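Input: a single structure, listed below in C-alpha cells.
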Amino acid sequence: MPQPADPPPPGAPDRADPLGGDPHGGDPSHGGDPSHGGDRSHGGDRSHGGALLVAMGLCVALVVGMVSALNLGIPLLSASDLHPSAEAVVWVVDGYVAVFACLLIPAGALADRLGRKGTLLAGMSVFGLGAASCALAPTTGVLIAGRMLSGVGAAAVLPSTLALLLAPVPTAAGTSTRSLTGHGRSRRIAAWSSMTGLAAVLGNVGGGAALQTGSWRVLFAAAVPLTAAAVAVTALAAPRVPRHAGRPDPVGAALLTAGVLALLFAVIAAPRYGWLTAPVVAAAALAVLLLAGWVRHGCRARSPLLDPRILAAPAVRAGALGMALTFVGMFAVMYLNGQFLQYVRGFSVLGSGLRLLPMAAALYLAPRAGVAITRRYGRRAGVGAGLLVLVAGLAVLGNLDAHTGYPGYVLGVVLVAAGCGLAGPVLSEVMVTALPASAAGTGSGLQSLTRELGSAVGVAVAGSLITAGFDARLPPAAGDPSTVAAALAATGVDRAAVLDAFTGAAGAALRTVAVAIAVLGVLVMWWLPGGRRAGQNAHTGPDGGG
C-alpha cells in the first residue's frame, strides 16, 4: 500500500503520521494539543506556511481551474474551425479530468519514491507542455491528446500539494522541524480543500478573460507562462522531504487507470450510440473486468498501489462516496454554466465568468459555517447539511427554461457551491484521518482520486444527458447538429426552439443528478461515523486494529 511517509532518521522519535502530523491527530487523550496548530506558534512557522500556501495555491489553481475555464470555452470551441462533435467536446473536457483522476494514486506513490517536491515540479512542467500542445493543436484529436498530457502532469501535482502542506514545519530558528498538531493539520486540510473549490470557480474569471479575445487557443497559451511562474515559486517555497522506499505496482496502476477510462467511455458514448449497443456494452463490461482485476490484485499483492480492503472502514466509504457526490453535482453545473450564460442569457465569455463570482464567495464562506456546524452538532450534521443544500441548488437549476433570468440561475449555482463548501472540508478530513497513521497517506491519495473522479463523472453524465435530451427535443428541421452552436447556425431553425430544447435537456439532466445524489447521500450518512472530530472512532479496517 503506498504511504507518503518519511521514515524518521535513526534515533528520532517515532513520527507515524506519513503526512507529518501528530500520529494521534492532536487528540488530548493522546497528548496532542488541539488548542493551537503547529504552524502558528512561531513567526518562522507563519512565514514558511504563508509562502508555501501561496505556492501550493497557485499550483492547485492552475490544475483545477483549467477544467472550469474550458467549460466557458465550449461555445467557442464548438463553433471553431475544428468542428468537434458533441462527444468530442465532452472528451476535450473529460479526457483531462479522467487521466487526472486515474493517475492520482500512482503519481502519489511515485512522489513517495522519487521525492514530492521534484515530482510536483515535473508534473507542473508536463502540465505546461500539454497546455502548449493544446494551444497549437491542428485537429480535435491533437487537442484531446494535449489535454490528456496535461492531465498526467496534474495528477503528479495535486496529491503532492497536500502532502507538502502537511509536511513538518521549520522552527523559528530554521535548524529543525516539528510536526503539525491536529488543529494545525485540520486548518491546512480545510485551506487546501477550499483552494480546490475556489480554483474551479475562479478559473471561470481567468478563463473568461482569456476567451474574451475570441479564440479558445488563448486560454491554453495563457496557461504556459502561469505554469512557469508556479514552477519558480514552488522551487523556492516548497520543502524537500525525504524519500520513502517502496515497491512500485505497475499492474495495479494499469488496471485502475484502464478500468476507470473504460467506464467513462461507456458513460460518454452511450447517448450517441445507444445504451445497449455493442461499443457501450463492451466498454462497460471491460470496465467491470478491469476493476474486478484491480480488486483481486490489490487483495493479493504484497505492496499494492491501493489496498481495496481499506474500504472496509465505514468512514473511508462515507468520505469517498460523499466527496465523489459533491463533485459530481459541482461539475455537472460547471459543464452547464458557460453554455447557459452565453447561449441563453447572451453574456460575453468574460461577463459569464464574472457573473459566477458569487460561487466563489459561497465556497469561501461555507467552509466556516461547516466547521461551526460540525463542532457543535457533529460530522453527520455538517455533511448532511452540505448534501441537502447541494441537492436544493440542483433542484432550483432543474427548473431551467429559456426565460430563466440571471437572478434565478445564480441562486441555484450559489446553493450548489455552498453545499460543496459545507460538506467538502469535513469529508476531506474524514478521508485523511479515518485510517490509522500507517495508512494516512492512502487516505490522502484516495480523497484526491474521489474528487477528480466525481468531477469527471459529473461532466460525463451532464454532457451525455444534455446531448441526448437536446437531440430528442430539437425540431426535425434542425437535422442532427449535436451541439447548440451548430443548431443555431442551421438555416430554417427557430432560435427559440433551439434554446427551449437546450434548457429543457439541461433541466432534466440536473434533476436526474439531484435525485441520484439524494439517494446515494443516504448511504454516506449511514456509513459516516458519529463524533465531532474527523478521525474519531474511525480506525477500523485494514491496519486499523479494529
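The values are calculated or read from the model by the stated rules, or taken from the named source; none is laboratory data. Bear in mind that the values here come from a model prediction, so they are computed numbers and not experimental data. Positions of Cβ are generated from backbone atoms using ideal geometry, with glycine treated the same way; all protein chains shown enter the neighbour counts. What goes into the accessible areas is simple: the full protein's heavy atoms, side chains included, and nothing from ligands, DNA or RNA. Shrake-Rupley method; radii C 1.70, N 1.55, O 1.52, S 1.80 Å.
Observations on the model:
- Selection count where residues are open to solvent by 10 Å² or more (accessible area, probe 1.4 Å), under 15 Å from I466 (Cα atoms) and of a type outside the set (D, E), scope the range 87-108: 2
- Single match in A497, A462, A490 (criterion: modelled with pLDDT of 85 or more, under 28 Å from A270 (Cβ atoms) and either surrounded by fewer than 19 Cβ atoms within 10 Å (Cβ to Cβ) or hydroxyl-bearing (S, T, Y) (or both)): A497
- Of all residues in the range 409-424, those satisfying the criterion of being open to solvent by 10 Å² or more (accessible area, probe 1.4 Å) and under 19 Å from M525 (Cα atoms) are A418, C420, L422.
- Selection within the range 223-233: residues that are open to solvent by less than 40 Å² (accessible area, probe 1.4 Å) and small (G, A, S). The member of this set that is farthest from M124 (Cα to Cα) is A223.
- Residue in the range 411-430 that is modelled with pLDDT under 80 and either assigned to a loop (DSSP other than H, G, I, E, B) or small (G, A, S) (or both) present: no
- Every test in (1) open to solvent by 30 Å² or more (accessible area, probe 1.4 Å); (2) modelled with pLDDT of 80 or more; (3) of a type in the set (F, W, Y) is passed by W275 save one, and that test is (2).
- Residue within the range 297-308 that is open to solvent by less than 20 Å² (accessible area, probe 1.4 Å), over 23 Å from the mean Cα position of the chain (by Cα) and over 18 Å from L449 (Cβ atoms) present: no
- Among the residues of the range 305-331, the one identified as within 20 Å of G293 (Cα to Cα) and among the β-branched types (V, I, T) is I310.
- In the range 117-170, the qualifying residues are those that are small (G, A, S) and farther than 19 Å from A101 by Cα, and the one that is surrounded by the fewest Cβ atoms within 10 Å (Cβ to Cβ) is G141.
- Test: residue in the range 281-288 that is loosely packed, with under 15 Cβ neighbours inside 10 Å, at positive phi and either at pLDDT 80 or above or not in a helix (DSSP H, G or I) (or both): no
- Some residue of the range 386-405 being over 21 Å from L465 (Cβ atoms), among the aliphatic types (A, V, I, L, M) and buried (at least 21 other Cβ atoms within 10 Å of the Cβ): yes
- Taken as a whole, the condition of being touching a Pro at 6+ places or on another chain (Cβ under 7 Å), in a helix (DSSP H, G or I) and among the hydrophobic types (A, V, I, L, M, F, W, C) applies to A315.
- Yes/no for V328 being β-branched (V, I, T) and within 25 Å of I189 (Cα to Cα): yes
- Checking each residue in the range 340-360 for being under 21 Å from the mean Cα position of the chain (by Cα) and part of a helix (DSSP H, G or I) picks out G353, L357, P358, M359, A360.
- Considered as a group, the residues in the range 179-215 that are open to solvent by 20 Å² or more (accessible area, probe 1.4 Å) and of a type in the set (V, I, T) include one that is modelled with the lowest pLDDT, and that residue is T181.
- Residue that is most open to solvent (accessible area, probe 1.4 Å) [pool: residues in the range 361-380 that are hydrophobic (A, V, I, L, M, F, W, C) and within 23 Å of the chain's Cα centre (by Cα)]: L365
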